[in-house]
Structure formats: structure tokens, C-alpha cells
Amino acid sequence: MARLTAFLAGLLFALGLGVSGMTQPAKVVGFLDFFGRWDPSLIAVLFGAVAVHAVFARRALGSGRPWYAPRFELTSLTRVDARLVAGSALFGVGWGISGLCPGPALVSSVAFVPTTLAFVAAMLGGIALFRVMRGDPASDQTVQASVEADTTEPC
């Protein structure tokens with residue numbers, strides 16, 4: 001049931017990205033072009049996403065534990081450091097140049113557009129390179145193991 005729930009959540013997310021225009025690089029670049037031909041239409045997407053997250057995150061955290069894991073995995077990192085700033089800047093530059101970020105790029109890759117496929121390949125290569133440089137080439141097995149270990153039905 002956990003895999004079905006994850007699949008349905010991913011499908012809903014992908015549909016939302018497609019309907020909102022987030023999978024259209026030209027629309028995203030237009031939104032980021034404050035000093036040119038700015039397209040403010042994605043502001044509604046931003047506010048809608050923040051509102052949904054605020055409501056459901058509060059509700060989920062107040063429920064005690066997730067449906068398919070023994071506990072919530074929340075970060076203990078609370079400070080802004082050089083690594084966070086550099087990573088954010090790199091993400092922003094890549095998003096501004098390509099008009100794609102990871103989620104919409106994965107959704108768009110099913111259309112087999114060469115530039116999107118190149119972006120996804122570069123993104124996956126960057127993830128692999130980061131893990132090797134960090135000395136942690138393994139995938140995120142802790143979250144996967146906790147999902148597979150818990151076979152209970154949702155609360």
C-alpha cells in the first residue's frame with residue numbers, strides 16, 4: 001500500500017506540474033525575467049503550493065507519526081552556511097538558464113525532448129558526483145528501508 005500511495009502522490013504532483021506550466025521552460029524563464037518580459041502567472045502556483053503545504057504539513061506533523069514510517073525524518077540543521085548558499089546559488093543559476101528544476105525535468109522527460117533529457121542526465125551525473133565526492137555513494141537507503149519495513153495501514 002505504501003508504494004501505491006507514493007505512486008499516486010507522485011502522479012498528482014506530476015499532473016500539478018504539468019497543469020501549472022512548471023514543465024514549460026519558457027514559462028519558467030519568463031517568470032524569472034523580472035527586468036524583461038516578466039510573466040507573473042506562476043505566482044499563483046507558488047502561493048497555492050505554499051498554502052497546501054502549510055495546511056497539510058501542520059496536520060501531518062500533528063498526527064504523531066507518518067502513515068508508512070515509524071517516525072518523521074526532519075532535519076536538525078538550522079543554520080545558513082556557505083554550503084547551503086553555494087548549493088542554492090547553483091540551483092538558481094541552473095533553473096534560470098534552463099527553465100527546469102528536478103521535479104518538472106523528470107516529468108518532462110517522458111516527452112523525450114533532447115534538451116530535457118540532457119538536463120536530467122546532467123542532474124543525475126551531478127548527484128552521483130556529489131555522493132562520490134562526499135564519500136557516500138550509496139543511495140538514500142534509510143528512508144526506503146523505513147518505508148518497506150512498515151506494512152501497516154494508514155491511521
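No value in this document is a laboratory result; all are computed from the given coordinates. As the structure is a prediction and not an experimental result, all values here were calculated from the model. Cβ coordinates were reconstructed from backbone atoms using ideal geometry, including for glycine residues, and neighbour counts include every protein chain displayed.
List of remarks:
- Per-selection metrics, the chain (Cα): Rg and Dmax in Å: 17.9, 53
- Per-residue Cβ neighbour rank within 10 angstrom, fewest leading, Trp38, Trp67, Trp95: Trp38, Trp67, Trp95
- Helix axis angle, 114-134 relative to the chain longest principal axis, alpha carbon, degrees: 50
- Each other residue within a Cβ distance under 15 Å of Ala57 adds +1 if Lys or Arg and -1 if Asp or Glu, for a net charge of +2.
- With contacts taken as Cα pairs under 8 Å at a separation of at least 6 residues, the range 5-46 carries a relative contact order of 26 percent.
- Estimated FRET transfer efficiency when R0 is 35 angstrom, pair Ser63-Leu15 (beta carbons, to 0.05): 0.90
- Helical content of the chain, expressed as a calculated mean residue ellipticity at 222 nm, amounts to -21500 deg cm²/dmol (DSSP H runs of 4 or more residues, -39,500 (n - 2.57) each, divided by residue number, nearest 500).
- Global geometry of the range 94-140, whether rounded, prolate or oblate, following the gyration tensor of its Cα atoms and the 1.5 cut on a/c: prolate
- Here the relative contact order of the chain, from alpha carbon pairs under 8 Å that lie six or more residues apart, stands at 33 percent.
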